[in-house]
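Enquirer: Encoded as structure tokens, here's the structure I'll be asking about.
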């Protein structure tokens, strides 16, 4: 197969699978597997949305869903259907709407599928790691734009997420490992993009239409802001450490001088 004949990224791959032969269930399972592997997720499922019930069509992961069918009002899938918006929960144990799909899930993202103004399905993405959809929020947006034609991209309150999802209580080592893994996967995807894929767009709920190129530039600028913040914090810490060490040396000298001055003279 020549390069011109190869599928042009995940968007075309999904389109090819969706239009391929095979049962609907097999196509849904294949699509789930592509999304799961592309994002490095633990479990991905595609659901049908009926009048009263949500039911799984196909999935990819270590096991099938605990609840293959459930009322349309239940779970984060139900919340996505009711709100007609993407639902992102970075710590499912803190959200009373959560309905177990797979034991051990910590974070979940659900995208409603809108066809002609009606929610006909959902795409459910799950991770075993809490706070998985922060750095991966960027990768989610990029993948949605690649896989869909001008999708809606829901904005969110970053400060509220940080506070309510207890970012300050997270292990620094675990957070760094998570960011390193997710950033590596995102860079791998970006390096494989074709020129026209960089110009694909989605519609952000607050900022309007944005291309993958623009989102990537925003992320890079965001990184630079945080790097400067880290540099300033390190500078303040180092200055305080130097001041404390200087004060400790002066205190030690003063203590030694006082000790010497208070000692009785030695007889000749």
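Enquirer: State yes or no: is residue 119 at pLDDT 75 or above and within 14 Å of residue 215 (Cα to Cα)?
Expert: On the way: at pLDDT 75 or above: yes; within 14 Å of residue 215 (Cα to Cα): no.
Criteria not met by residue 119.
Enquirer: Taking the criterion of being in a helix (DSSP H, G or I) and over 28 Å from residue 179 (Cβ atoms), would at least one residue in the stretch 29-42 satisfy it?
Expert: So the first thing to find is which residues in the stretch 29-42 are in a helix (DSSP H, G or I), and the list is 29-39.
Next, from what is left, pick out any that are over 28 Å from residue 179 (Cβ atoms): 29-30.
Yes; the residues of the stretch 29-42 include at least one that is in a helix (DSSP H, G or I) and over 28 Å from residue 179 (Cβ atoms).
Enquirer: Please go through the stretch 43-82 and give me each residue that is in a loop (DSSP other than H, G, I, E, B) and at positive phi, ordered by number.
Expert: 61
Enquirer: Could I ask something else about it? Taking the stated definitions as given, is residue 210 at pLDDT below 80 and surrounded by 10 or more Cβ atoms within 10 Å (Cβ to Cβ)? Show your work before the answer.
Expert: Values: at pLDDT below 80: no; surrounded by 10 or more Cβ atoms within 10 Å (Cβ to Cβ): yes.
Criteria not met by residue 210.
Enquirer: Kindly indicate whether residue 201 is surrounded by 12 or more Cβ atoms within 10 Å (Cβ to Cβ), in contact with a strand residue (DSSP E or B) (Cβ under 6 Å, 6 or more places away or on another chain) and at pLDDT 80 or above. Talk me through it step by step, then tell me what you get.
Expert: Values: surrounded by 12 or more Cβ atoms within 10 Å (Cβ to Cβ): yes; in contact with a strand residue (DSSP E or B) (Cβ under 6 Å, 6 or more places away or on another chain): yes; at pLDDT 80 or above: yes.
Yes.
Enquirer: Of everything in the stretch 89-107, what is under 18 Å from residue 35 (Cβ atoms), touching a helix residue (DSSP H, G or I) at 6+ places or on another chain (Cβ under 9 Å) and either modelled with pLDDT of 90 or more or part of a loop (DSSP other than H, G, I, E, B) (or both)? Give them in sequence order.
Expert: 101, 105
Enquirer: Among what's in the stretch 48-88 and is at pLDDT below 95, surrounded by 22 or more Cβ atoms within 10 Å (Cβ to Cβ) and touching a helix residue (DSSP H, G or I) at 6+ places or on another chain (Cβ under 6 Å), pick the residue that is nearest to residue 143 (Cα to Cα).
Expert: In this case the residue turns out to be 87.
Enquirer: Residue pairs, Cβ under 9 Å, 6 or more apart or interchain, first in the stretch 218-243 and in a helix (DSSP H, G or I), second modelled with pLDDT of 75 or more. List them.
Expert: The qualifying pairs are 218/210; 219/186.
The values are calculated or read from the model by the stated rules, or taken from the named source; none is laboratory data. Here the structure is a predicted model, which is why all the values come from computation and not from measurement. Cβ atoms come from the backbone with ideal geometry, glycine included; neighbour counts cover every protein chain shown.
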